[in-house]
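Structure first, then comments.
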Amino acid sequence: MSFADRLHKGYSNRKFDIDKQKIESFIDRLFRFIFFLEYQRCSNYENIKARLDDFKNEFQTILFSVTEESESLKTEQFFESFPKIYETLENDAKIIAKNDPAAQSEEEVMFSYPGFFAIAVYRFAHELYKNKIPLIPRIWTEFAHSKTGIDIHPGAKIAANFFIDHGTGIVIGETAEIGNNVKIYQGVTLGALYVAKNLQNIKRHPTIEDNVVIYANATILGGETTIGENSIIGGNVWITDSVAANSIVYHKGQVTVKNKFPENEPIIFSI
């Protein structure tokens, strides 16, 4: 079989005819529109309604490329969920602005924080994931991953007031569950103990209860692992067992500090 034959077979066997760039562009443009990030102010009410209708029509076309079910019904369901998702995201932005001493305003969070963008894309993707829409949720979250370095699977369950600080290198697996008022720093992994295809329908990733803080580069693994509420997980720890509520977990390493220059030899005077 020639290489051209292999490509022909691949295209012939492809399940969906989708425009990946269009799907990515949609969520990027929607995010900028609904959080007031476009250069031109869209302050005319009728214009805002028309823009929302345009997004709705575009989304319906995108849905048609991946599902044979009634795409208009799925579109209506998705856009009806907007107010609740949007309110949750507004609260996410408020929590970030309130708790990060480097944040000057909610507007700064919306304009510039990669964690907020990743959370927003995740929340919209999760809504589609719950409704068993194929491909689009993962394309959206991987698009956010490519822009921010934050990898959140659309199947994860994340409650309100979620705060990602810095964010680069965070991985949150498909069956992870995160409670209210959780704060996560860069490099954190909420992963599986091991990867095997036969675990596909089993909870593989940890549960993080309310009011937990997880510091940089902590690794928490396993579907039966629960981090109890109000706990603090220090940086660089490796956890595969559950942690009781109100715990502090930290890694104590030995750090040696030395002067890189030899000590001066004493001066001896002989008279």
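None of the figures in this text is laboratory data; all of them are computed from the coordinates on show. Source: prediction; values computed, not measured. Methodologically, a virtual Cβ is constructed for each residue, glycine included, from the backbone with ideal geometry; neighbour enumeration extends over all protein chains shown.
For the chain, the longest principal axis of the C-alpha atoms and the axis of helix 114-130 are separated by about 40°.
Distances between placed amide hydrogens fall under 5 Å for THR225 paired with THR207, all partners being 5 or more residues away or on another chain. Counting only residues at least eight positions apart within a chain, or on another chain, the lysines with an alpha carbon under 16 Å from that of LYS157 are LYS84, LYS130, LYS132, LYS183, LYS203.
Each residue of region 104-113 was assigned a 3J(HN,Hα) from its phi angle through the Karplus expression (A = 6.51, B = -1.76, C = 1.60, θ = phi - 60°), giving 8, 6, 5, 4, 5, 4, 5, 6, 10, 8 Hz with x at Gly and Pro. By the count of neighbouring beta-carbon atoms within 10 Å, fewest first, TYR45, TYR215, TYR122 end up ordered TYR45, TYR215, TYR122.
Hey, fewest Cβ within 10 Å first, where do LEU30, LEU7 land in order?
LEU7, LEU30
Between 0 and 90 degrees, the angle of helix 136-148 with respect to the longest Cα principal axis of the chain falls at about 40 degrees.
Counting other Cβ atoms within 10 Å as a rough exposure proxy, the listed residues ILE152, ILE95 run ILE95, ILE152 from fewest neighbours to most. According to the calculation over all Cα-Cα pairs in region 156-253, the P(r) per 5 Å bin from zero is 3, 15, 26, 29, 16, 7, 3, 0 %.
Starting from the Cα gyration tensor of region 52-210, take the square roots of the eigenvalues, sort them a ≥ b ≥ c, and report rounded, prolate or oblate (rounded when a/c is under 1.5, otherwise prolate if a/b is larger than b/c, else oblate). Oblate, because a/c is 1.5 or more while a/b does not exceed b/c.
Here r is the Cβ-Cβ distance between LYS157 and LYS56 and R0 is 22 Å; the resulting FRET efficiency, rounded to 0.05, is 0.25. Summed over qualifying helices (DSSP H, 4 residues or more, each -39500 (n - 2.57)) and divided by its residue number, the chain shows a 222 nm mean residue ellipticity of -13000 deg cm²/dmol.
Between helix 45-64 and the chain there is an angle of about 90 degrees, using the helix long axis and the longest principal axis of the Cα atoms. For LYS98, the aspartates and glutamates whose Cα falls under 19 Å of its own Cα, not counting residues fewer than eight places away in the same chain, are GLU87, GLU90, GLU106, GLU107, GLU108, ASP165, ASP210.
Here LYS147 is the anchor, and the lysines within straight C-alpha reach of less than 19 Å, apart from those fewer than 8 places off in the same chain, are LYS20, LYS22.
What percent does the relative contact order of the chain come to when contacts are Cα pairs within less than 8 Å and at least six residues apart? Relative contact order here is 10 percent. With each label modelled as a point 7 angstrom along the Cα→C-beta vector, the GLU224-PHE16 pair spans 3.5 nm.
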